[in-house]
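Everything below concerns the one structure shown next.
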Amino acid sequence: MKNIGKIITILGVFFLLNACQDDELNLTNPNALTTEQFWKTPNDAELGVNSIYAMFYKDGLWARWIYFRLDLTSDEGFSNSPWVELADWTRFNYVNYNFWEGNNVTWRDTYKAVFRANQVLAKVPDIEFENQTRKQQILAEAKFLRALNYYYAAILWENIPLVLNPSTPQDLPVQNTQQEVFAQIETDLNEAFNDLPIKWDSNNTGRPTKGAVKAMLAKVYMQQHKWQEAKSSLEFLITGEGAIYDLVDNFKDNFTDLNENNLESVFEIQFGNQRLGGTGEGANAAVSSNRSQFFAPRGIGWSDGQARYWLVDAFKEELTVNGDLDPRLQHTLFYPDLLNDFGDLTYGRDWQWGSNEAWFRKGARDYYRTNEDYYSQVNWRLIRYADILLRYAEVLNELDMTASAYQYVDKVRDRADMAPLEVAYPSIGNNHDLFLARLKKERVLELAGESTRWEDLKRWGDLDSQDSVDQIKLRDPDFNNFVVGKNNRLPIPLVEVQNNPNLDQNPNY
């Protein structure tokens, strides 16, 4: 189940350049191979592509800090950390554009991932393989992973350099628009699709499939309002050849290590706790998630990230068909009345809760332990089928097919024992705006705390006008600091702008 994490060992060594240039000393140090000595065999290609996956486990990306950008900067979360600068970077107080944890490390690790993908794409074509299918798969994996990293970079910074070849320290890459980055993502994903399988065997769990490619394509198309293209991509997973996914019976199974890579998982980051090192390039580097350590309630973890309490209220607006609370609330949030509402509080019942405090529960390990640490083995479901269904409903609504969209929302609601949408909200009818307003709430109830909200707000245009931002302020006071036309993107790290004359700082910074 944790195969990607298990097979990643010393992955950085082949990036090092051998300082000795004396031809008479033609020595091969297995711990410091040059690029000329590496990239010779199919095994080198395997190590090369695995090194891209290793970037999932770095601080700037999915081990830690990217959640602060995607979850806490959105109206779902915030930081009340005593580390003021860290908290400021979730409330749009960007003073130091070089703040490492808020900006630079995610930029660095994104481009490290891109560099590793570019090396694979540049070097592997010249390696002789007996198994040509595997060779093409490796190249397709690299394209998928490059596209994935560029997607989130475009969501965060928008106007970034598009680097498509292995870079050198002397390079001064030109800046591209978000639209140009999205176009390259589309190219990479469409090229990757042909050479990836519908499903991998158990030894390769965690690698991207055709379904994962189509899901990422749908995401990038939807951000550009290319609704027809998004519809075609999503139909591959819903009615087409890739329709091998479904919702699992137990909503909680998407957020523990007990039923990972299940029927609902379209693309899942494979975390493990088998190595307890740091996040560098050493042989003992961890392949773990730190999210739960930073997002856990006080006394359990660092509590640098919390959930907005309006989420609790949103879950309580509608009862199930049996008159109970929405069961998803129990597995989405920790909050003061969790014990009273569900008889459930595993971590410990002596917490000092504030009356309006909440924390994200998804990915927490309270089902078997009473504290968190830096080595969570719980996989992160980056894309799951419930998201696909709700996205398809959104696309159909945008294509004036609202009546056809209901069934896909209802499938998600049905698992939570919620009444069909037409029964619960008959006044919506086929009205596009009313359906979208309800769908926005449905996405919160199903996906809160799963790093989708920031891209949702951007796609819906909710960050583009003062009127819509004023509505967000009502549920998240951090948006009192939000400047329309500025804070919908991060500032580019100052050091990058200063060192590269081809980079301009993002507008209004």
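For the chain, DSSP calls about 90 percent of its internal beta bridges antiparallel. Rounded, prolate or oblate: which fits the range 139-241 when a ≥ b ≥ c are the square roots of the eigenvalues of the alpha-carbon gyration tensor, with rounded for a/c under 1.5 and prolate only if a/b beats b/c? Here the range 139-241 falls in the oblate category. At the residue level, residue 373 shows approximately 40 square angstrom of accessible surface with a 1.4 angstrom probe and all protein chains present.
Against the main long axis of the alpha-carbon atoms of the chain, helix 432-447 sits at an angle near 70°.
A simple charge model with +1 on the Cβ of Lys and Arg, -1 on the Cβ of Asp and Glu and nothing else charged puts the dipole of the chain at about 400 debye relative to its Cα centre.
Among the GluC sites (Glu not before Pro) found in the range 314-419, those both in a DSSP coil and sparsely packed, with 16 or fewer other Cβ atoms within 10 Å of their Cβ, are 317, 318.
Checked against a 18 Å cut-off, the cross-linked pairs 135/210; 316/458; 143/214; 441/473; 143/226 give Cα-Cα distances beyond that limit for 316/458; 143/226.
Do you know the relative contact order of the range 238-284, to the nearest whole percent, from alpha carbon pairs under 8 angstrom that are 6+ apart? Reported relative contact order: 27 percent. Only Cα pairs under 8 Å and 6+ residues apart enter the sum, and on that basis the relative contact order of the range 377-445 stands at 30 percent. Using the Cα gyration tensor of the range 44-97, with a ≥ b ≥ c the square roots of its eigenvalues, what is the shape: rounded (a/c below 1.5), prolate (a/b larger than b/c) or oblate (neither)? Prolate. Between residue 434 and residue 486, the FRET efficiency from the beta-carbon distance, with R0 = 30 Å, is close to 0.45. Between 436, 352, 314, the Cα set farthest toward the positive side of the dipole of the chain (charges on each charged residue's Cβ, about the Cα centre) is that of 352.
Add +1 for every Lys or Arg and -1 for every Asp or Glu among the other residues with Cβ under 13 Å from the Cβ of residue 465, and state the total.
Within the 13 Å Cβ shell, the charges total -2.
Centroid-to-centroid, using Cα positions, the range 455-503 and the range 82-121 are 15 Å apart.
Taking the centroid of alpha carbons for each part, the range 184-240 and the range 260-316 are 25 Å apart. For residue 507, the shell of other residues with beta-carbons less than 10 Å away shows a net charge of 0, using +1 for Lys and Arg and -1 for Asp and Glu. Note on the chain: dipole from Cβ charges, positive end direction compared against 32, 509, 472; the farthest Cα belongs to 32. Our summary gives the range 464-509 a relative contact order of 32 percent, counting only alpha carbon pairs under 8 angstrom and 6 or more residues apart.
For the range 219-271, chymotrypsin sites (Phe, Trp or Tyr not before Pro) meeting the loop criterion (DSSP other than H, G, I, E, B) and having at most 15 other Cβ atoms within 10 Å: none. Rounded to the nearest 20 debye, the dipole magnitude of the range 208-248 is 160 debye, with +1 charges on Lys and Arg beta carbons, -1 on Asp and Glu beta carbons, and the Cα centre as origin. Sorted largest first by accessible area at a 1.4 angstrom probe radius, with every protein chain in place, the residues 51, 355, 465 fall in the order 355, 465, 51. Annotation: lysines with alpha-carbon distance below 19 angstrom to residue 58 (same-chain offsets under eight excluded): 2, 6, 112.
Hey, what number do you get for the chain at 222 nm if only DSSP H runs of n ≥ 4 count, each worth -39500 (n - 2.57), divided across all residues, to the nearest 500? Present the calculation step by step, with values, prior to reporting the outcome.
On the way: 19 runs with 198 residues, N = 509.
After summing the helix terms and dividing by residue count, I get -11500 deg cm²/dmol.
Once you order the gyration tensor axes a ≥ b ≥ c over the Cα atoms, which shape class does the range 124-169 get: rounded for a/c under 1.5, otherwise prolate or oblate by comparing a/b with b/c? Taking the square roots of the gyration eigenvalues as a ≥ b ≥ c, the range 124-169 is oblate.
The values are calculated or read from the model by the stated rules, or taken from the named source; none is laboratory data. Because the structure is a prediction, the values reported are computed rather than measured. All Cβ positions, glycine included, derive from the backbone under ideal geometry; neighbour counts span all protein chains shown. The accessibility values were calculated without ligands, DNA or RNA, using every heavy atom of the protein model including side chains. Shrake-Rupley method; radii C 1.70, N 1.55, O 1.52, S 1.80 Å.
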